[in-house]
Amino acid sequence: AASKDSSIYDVKDDVVWNKLSRLFDAKVGDDCDAGMLKQIYTEGKERYENKIPPGYSDSKNKKEENKRQLYGDLILWKQVMIMAKELKKDVVFVTSDVKEDWFQKTLRGEAKHHRVELIKEFSEHTGGKRILIYNQNAFLYNIEKYLGTTVNSNAHKEIKEVSAKETK
């Protein structure tokens with residue numbers, strides 16, 4: 001986001017951001033139709049009651065929201081699985097959501113590892129495709145580690161600041 005405030009990181013100059021933007025250009029899937037949404041809402045009610053990830057943590061804060069908001073994580077999850085199956089592709093999923101319905105927690109309450117149930121469900125529903133689920137910091141760390149590139153320190157700083165604001 002461009003800003004006069006020099007502490008805000010401007011992504012237009014970021015090599016990694018520009019490469020990712022080109023990768024995803026015109027590759028956004030279609031929205032769910034009404035029938036599929038109804039099916040997800042029905043399944044979501046049962047999943048959330050039984051604390052089956054993803055999305056059940058949102059039911060605490062979004063009970064008064066509309067169903068699309070309440071089941072947003074599950075809708076996204078289903079769409080990602082559908083697209084992976086159709087395209088026969090593995091997926092790298094990056095999220096700022098670090099609640100327990102996406103990540104297992106350490107004893108100190110930090111997001112550590114993706115939920116194993118999600119990896120298993122993804123594989124079962126996509127014909128054996130794989131998914132890697134990262135929070136934003138882990139994703140940037142792995143970009144640096146595996147792609148041999150350096151992510152601007154301001155990007156790391158901004159992600160931490162935005163994540164802290166979202167957590168509040």
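The values are calculated or read from the model by the stated rules, or taken from the named source; none is laboratory data. In this text the structure is predicted, and so the values were computed from the model without any measurement. Cβ: placed from backbone, ideal geometry, glycine included. Neighbour counts: every protein chain shown. The area values use the complete protein model at the heavy-atom level, side chains included, leaving out ligands, DNA and RNA. Shrake-Rupley method; radii C 1.70, N 1.55, O 1.52, S 1.80 Å.
Just one residue in the set 106, 95, 126 is farther than 25 Å from residue 61 by Cβ, open to solvent by less than 80 Å² (accessible area, probe 1.4 Å) and not small (Gly, Ala, Ser); that residue is 126. Of all residues in segment 146-167, those that are farther than 27 Å from residue 81 by Cβ, open to solvent by 100 Å² or more (accessible area, probe 1.4 Å) and modelled with pLDDT of 70 or more total 1. Within segment 88-144, the set of residues being among the charged types (D, E, K, R), in a loop (DSSP other than H, G, I, E, B) and modelled with pLDDT under 90 comprises 97, 99, 100, 101, 108, 110, 115. Inside segment 15-61, residues that are open to solvent by 20 Å² or more (accessible area, probe 1.4 Å) and within 30 Å of residue 144 (Cβ to Cβ) make up a count of 15. Restricted to segment 62-84, and to residues there that are of a type in the set (D, E, K, R) and surrounded by fewer than 19 Cβ atoms within 10 Å (Cβ to Cβ), the residue that is farthest from the chain's Cα centre (by Cα) is 64.
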